[in-house]
1. If I build a Gaussian network model for the chain, linking alpha-carbon pairs within less than 10 angstrom, which residue out of H17, H223, H95 has the largest mean-square fluctuation?
2. Between K112 and D190, what is the spin-label point distance in nm, taking each point 7 Å from the Cα along the Cα→C-beta axis?
3. Would you please give the residues with an amide H less than 5 Å from that of V26, counting only those at least 5 places away or on a separate chain, with H modeled from the backbone geometry?
4. Nothing charged except the Cβ atoms of Lys and Arg (+1) and of Asp and Glu (-1): what's the magnitude of the dipole of the chain about its Cα centre? Round to the nearest 20 debye.
5. Once you place label points 7 Å from the Cα toward the Cβ at E96 and R143, how far apart are they in nm?
6. Loop only by DSSP, 10 or fewer other Cβ within 10 Å of the Cβ. Give me the trypsin sites (Lys or Arg not before Pro) in the stretch 93-201 that pass, ordered by residue number.
7. Could you go through the stretch 175-186 in sequence order and give the Karplus-derived ³J(HN,Hα) for each residue, using 6.51 cos²θ - 1.76 cosθ + 1.60 with θ = phi - 60°, rounded to whole Hz, and x for Gly and Pro?
8. Report the relative contact order of the stretch 109-248, percent, no decimals, based on alpha-carbon pairs under 8 angstrom and at least 6 residues apart.
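Where a number appears in this text, it was derived from the coordinates with a stated rule and is not lab data. Please read these numbers as outputs of a predicted model, since none were measured by experiment. All Cβ positions, even for glycine, are placed from backbone atoms using ideal geometry, and neighbour counts span all protein chains on display.
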Amino acid sequence: MTSLQIEKPLASADHGHLLKGKKIAVFGVANKWSIAWAITQSLSKAGAQIVLTYIDERTEEKVRDLAKTLHHPLILPCDVTQDDQIETVFSKIKHEFGTLDGLIHAIAFARKEELEGHFSSTTREGFRIALDVSAYSLIALARAAAPLMENGGSIVTLTYLGGKRVIPNYNVMGVAKAALECSVKYLAGDLGEKNIRVNAISAGPITTLAARGISGFQQLLKHNADRAPLRRNVDAEEVGDTALYLCSPLSRGVTGEILYVDAGYHIVGM
Ligand code: NAD
């Protein structure tokens, strides 16, 4: 820690019973470093019953292992590029849980070669894949989840400042995040009459599997910690607790919002 950095206050271990009896589906746990896993822990500590999905068999074992710490989780496969898998997931949730109160979308993907070099080199197929997995999937999941949210609900996705400003090497993922953030607003407009709220957390850089795919990520971490008002980077637990707020009645008046959890980096001009 440099002399400028401020020590992070300790998080409170007490998450109360804010989500007691609530059922929340979390898409995007790949391993213990996943932001989705930190979110799962925050939601679970607050009393939520959790559905976890995994993309493929390779990930299944890790997810099942992590899920041992949860209270009666439901664990299902789901590749969000496959409409039939999305349909199956939500019909199983309906069968097991009846209703759903929350949905966490913490999914993004772009081919490695699109996350380095010139943005103008983005291929048609690379663009299609990044936008499909990272942005369209929110619309597909929200559409499938909404009928189960009979008592209203909260949908939360994860975005990054690269969707608003040019961040080196973020490239097509920035375009995908811009589409994702705009989808948050349109979905919030669409689903508000059902008392379903839709928000995004714009997280600062955190070392995860997905983040390691971005060329120069270590420099990004250092730059953010040096410049952010709090003079540090955030951790996944801080994002998890913000997701807890967005899934809880504490945020009942908030929808269509992009909430920054980035130690304040996004406000800095110079
Ligand atoms: P991660 O690699 O742990 O999570 C990404 C997840 O996306 C993985 O679980 C992966 O299996 C899933 N995924 C990819 N393609 C999929 C598909 N076709 N079907 C289903 N799942 C698929 O990394 P993370 O950093 O925790 O990423 C979670 C979210 O947070 C992403 O949207 C990411 O853009 C966002 N985010 C991350 C950071 C960061 O610095 N780590 C900052 C801001 C936002």
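1. Per the Cα network of the chain with a 10 Å cutoff, H95 tops the list.
2. 3.5 nm
3. Sorted by chain and number, the residues that satisfy this are V51, L52, T53, I104.
4. I would put it at about 460 debye.
5. Rounded to a tenth, the inter-label distance reads 2.4 nm.
6. R165
7. 5, 5, 5, 5, 5, 5, 5, 5, 4, 4, 5, 5
8. Relative contact order for the stretch 109-248 comes out at 27 percent.
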